[in-house]
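Worksheet: one structure, shown below.
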Amino acid sequence: MQNNPESSNSSVLTYPELLAQLQGDRMPRHIAIIMDGNGRWARLHGVRRSAGHKAGVRAVRRIVETSVEMKLEYLTVYAFSTENWRRSRGEVNYLLKLILDSLITEIDELNRNNVNIRFIGSRQELSSAYYRKVMETCTRSWNNNGLHLNVAMNYGGRREIMEAFGEILQDVQSGKLNYADLDEKKVGDYLYTSGMPDPDLLIRTSGEKRLSNFLVWQAAYAEFWFTETLWPDFTREEFLQAIIDYQNRQRRFGARKVQDKI
Ligand code: FPP
């Protein structure tokens, strides 16, 4: 099914027009994206799923470029979940290789653009050779202080919290951490995203409206933005539209803006 411009979030405004609408003082610091719909895009175009994932990488490139241009601080993309191992062996191997190869191909360009890349996810299940190559490539960007790009890879929000529990328990047992000092901020220090702000805006493409185990702890107060657009078709214009929409929302974090009498 082709996306219908009337029912999707697609824009008639041009990129410069949308840029002009952005309010510099209300920029989200951290945007997280569930990039969904590569498979459906492939089916729609009568091509193999692998071609859908390749088109997905081109969309990642587009959105990273736009994020750099906008001087966004943090962008987190969901590349491979702890549940994605349930896909066919062929697709899993293809995705793992595509993600690593893309990273290796793009690292020089990312460095030129001052992008600092982290892989956030679990080491379990990944071979040590794979993990080593990922880390070798990422560390080449760690002196950069522009966009912080998190690639969520073998990532699961519950797994992340479980791993944090384990480390907290160890630190309490060894006396490194006093249990009485444990609060929400301290728990955050044990997550893969330690030291980063929580996502302000969470985008999911392809019409699904689920969190799918993504940033379960961190997204507690994120604003959600859903679009019917399949990830490979996600444009920089639609990305800006999502941000403009976010900027026009009122975030209350559980409080009231006007304190009416009770
Ligand atoms: C969801 O589409 C997409 C994925 C599981 C993989 C996303 C990965 C990429 C776009 C590559 C990322 C690469 C880098 C370097 C960050 P789907 O296959 O679930 O689509 P479907 O629901 O339509 O079948």
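Some points to look at:
- Heavy-atom accessible area order for Lys71, Lys209, largest first, 1.4 Å probe: Lys71, Lys209
- For the chain, the 222 nm mean residue ellipticity estimated from helices alone, with every DSSP H stretch of n ≥ 4 adding -39500 (n - 2.57) and the total spread over all residues, rounds to -13000 deg cm²/dmol.
- Accessible surface of the chain [probe 1.4 Å, protein heavy atoms]: carbon and sulfur percent: 50
- Within straight-line cross-link reach of Lys133, lysines at Cα separation under 18 Å, skipping those fewer than 8 residues along the same chain: Lys97
- The mean accessible area for residues of the chain, using a 1.4 Å probe and ignoring ligands and nucleic acids, is 56 Å² per residue.
- The GluC sites (Glu not before Pro) of region 8-116 meeting both criteria, a DSSP state outside H, G, I, E and B (loop) and at most 13 other C-beta atoms within 10 angstrom of the site's C-beta, are Glu83.
- Amide N proximity, region 209-249 versus Asp183 label position 7 Å along Cα-to-Cβ, cut-off under 14 Å: none
- Estimated FRET transfer efficiency (His45, Glu136; beta-carbon r; R0 30 Å; 0.05): 0.30
- Excluding the site residues themselves, the longest part of the chain lacking any chymotrypsin sites (Phe, Trp or Tyr not before Pro) in a DSSP loop with at most 12 other Cβ atoms within 10 Å is 1-141.
- The alpha carbons of region 1-126 stretch over 46, 37, 24 Å along the principal axes, in descending order.
- Residues whose placed amide H lies under 5 Å from that of Glu223, excluding near-sequence neighbours: Leu201, Leu202
- Förster-model FRET efficiency, 35 Å R0, Arg29 and Ile104, C-beta, rounded to 0.05: 0.80
- The chain: relative contact order as a whole-number percent, Cα under 8 Å and 6+ apart: 31
- Rh by Kirkwood over Cα pairs, then Stokes-Einstein D for the chain at 0.890 mPa s and 25 °C, µm²/s: 124
- Shape call, region 81-186: gyration tensor on alpha carbons, a/c limit 1.5: oblate
- Distant-in-sequence amide H partners of His148 (H built 1.01 Å from N, under 5 Å): Tyr74, Leu75, Asn116
- Accessible area of Asp171 in the full protein assembly, 1.4 Å probe (Å², nearest 10): 30
- Nearby lysines by direct alpha-carbon distance to Lys186 (threshold 24 angstrom, same-chain neighbours under 8 apart not counted): Lys176
The values are calculated or read from the model by the stated rules, or taken from the named source; none is laboratory data. Note that this is a predicted model, so its numbers are computed, not measured. Cβ sites come from the backbone with ideal geometry, for glycine too, and all protein chains shown count toward neighbours. Accessible surface areas use protein heavy atoms only, side chains included; no ligands, DNA or RNA. Shrake-Rupley method; radii C 1.70, N 1.55, O 1.52, S 1.80 Å.
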